[in-house]
Every structure is written in C-alpha cells, then in structure tokens.
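The values are calculated or read from the model by the stated rules, or taken from the named source; none is laboratory data. Note that the structure is a prediction, hence the values are computed from the model and not measured. Neighbour counts are summed over all protein chains in view; Cβ atoms, including those assigned to glycine, are modelled from backbone coordinates with ideal geometry.
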Amino acid sequence: MSKQDNGLFSYEHTAHQAAYGDCPKCQSPFLIKHKGKSSFIGCSAYPECDYTHSLSSLEVVVLKVMDDSHCPECQSPLAVKKGRYGMFIGCTNFPECHYISYNKSHDKKDHYQAVSCPQCSDGSLQKKQNKFGKYFYACDNYPKCKFVLNQEPVGVKCENCDASVMVKLPKDNQYLCINPQCKHKQQRE
Ligand SMILES: [Zn+2]
Ligand SMILES: [Zn+2]
Ligand SMILES: [Zn+2]
Ligand SMILES: [Zn+2]
C-alpha cells in the first residue's frame, strides 16, 4: 500500500494494523469477521485470499488500562495495548468487544480541552465527529445555541480584539481569532 498521509484514514489503517497486522499471504490488512456467533480475523482481500486466524491467537499485551475512559460500544474501560505491529487503544473486553479507537485525541499531547462557548455564556464547545469522520466543535447548548467551529478551539485570548477563543491552525504554529472582523493570527506558545 502506498504511503498516505491524509489523517484519519492513515491513522485508522495504522491502528488497525497495529492491532491485527497484515495478511502474511498477500499483505492486505486484516479485518475482524463474523460468522454466526463466532468472530475471527480474515484477510480484507477475501475472496481472492482466504487466509484467516483466530482472535485468541493475537499477541496483544495490555500496557495500561485507562480508568477514566469508556468503550463507546460496551462501556468497559479502554486500554493502551501493544500488538505485534505497534500500539493502539482498544477495549479491555476484547475479544468479546472489538472496539479500537481511531481517535488521535487520546494522545496526551493533542488532547482536546473543551473551551466555553464564545456565543452563549454557559455552553462549552464539544468535539464531535460527523458521518464522514471529520471532527467539528459544537456548543453543548445545541439546539439553543448553534455555534460551531471546524477547527480546534483553544481558550486563548486574541491580542487584537479580546475574543476569548481562537482556533489552532493545522499547519503554521499559529492561532487564528474566530472573530470574522478580526482574523488576527498569533504565534502559539
Ligand atoms: Zn491475504
Ligand atoms: Zn468494548
Ligand atoms: Zn453556545
Ligand atoms: Zn481577534
């Protein structure tokens, strides 16, 4: 597979690959498959490649249980795990639950800290994901307040207009003021 660097997909592939590895026969990624009540790991190139192996044969080690996290599928705690090909975050209820987190925000260094909504005073901006897997940040007072941002907000005061929220620009190491009349950029600390 060619090297891709377009965020979610590549990370998803990486987490998936860390957990399950690639098919030794044809190097396609493995998928979890279900047949009746049983689940197993099968090659994503099926039916061209019919390689499968059992879930219990995965060499996965739990490195750290994240006590304050919950699996969105079964509510068990999530854990940092090490598969044969790298680290990933998955459900401690494995193999009953196959949830794997593709959400980079579990990474401490870019963990999103909710900031208060600049439009209504009592809401805060929550990280959400749309059906295409793209993140956005919406006020939790919705539908009363419809404030939404496409870029990650930070509780940094704009030096130019005193707005209380700025957004992180993905490329340059800068913050951008959310005030459309201002559009001030300032360097991140
Ligand atoms: Zn295969
Ligand atoms: Zn789970
Ligand atoms: Zn609001
Ligand atoms: Zn400003």
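Yes/no per residue for (1) surrounded by 15 or more Cβ atoms within 10 Å (Cβ to Cβ); (2) within 16 Å of ligand 3 (Cβ to nearest atom); (3) outside the structural domain of Lys35 (by TED's automatic domain parsing); (4) in a strand (DSSP E or B):
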site	(1), (2), (3), (4)
Phe94	yes, no, no, no
Pro118	yes, yes, yes, no
Asp122	no, yes, yes, no
Tyr137	yes, yes, yes, yes
Tyr175	yes, no, yes, yes
Gln181	no, no, yes, no
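Might you let me know whether region 53-60 holds any residue that is surrounded by 12 or more Cβ atoms within 10 Å (Cβ to Cβ) and at pLDDT 90 or above? Show your work before the answer.
First pass over region 53-60, keeping only residues surrounded by 12 or more Cβ atoms within 10 Å (Cβ to Cβ): 53, 55, 58, 60.
Subset that is at pLDDT 90 or above: none.
The answer is no; no qualifying residue exists.
Quick check on this structure: which one of Lys168, Lys185, Lys144 is under 21 Å from the mean Cα position of the chain (by Cα) and in contact (Cβ under 8 Å) with a residue 12 or more places away in the chain?
Lys168
Return the pair list, or none, for Cβ contacts closer than 6 Å from residues in region 37-64 that are closer than 10 Å to Tyr20 by Cβ to residues that are among the small types (Gly, Ala, Ser) and more than 16 Å from ligand 1 (Cβ to nearest atom), at least 6 apart or on different chains.
Leu55/Ser39; Val60/Gly83
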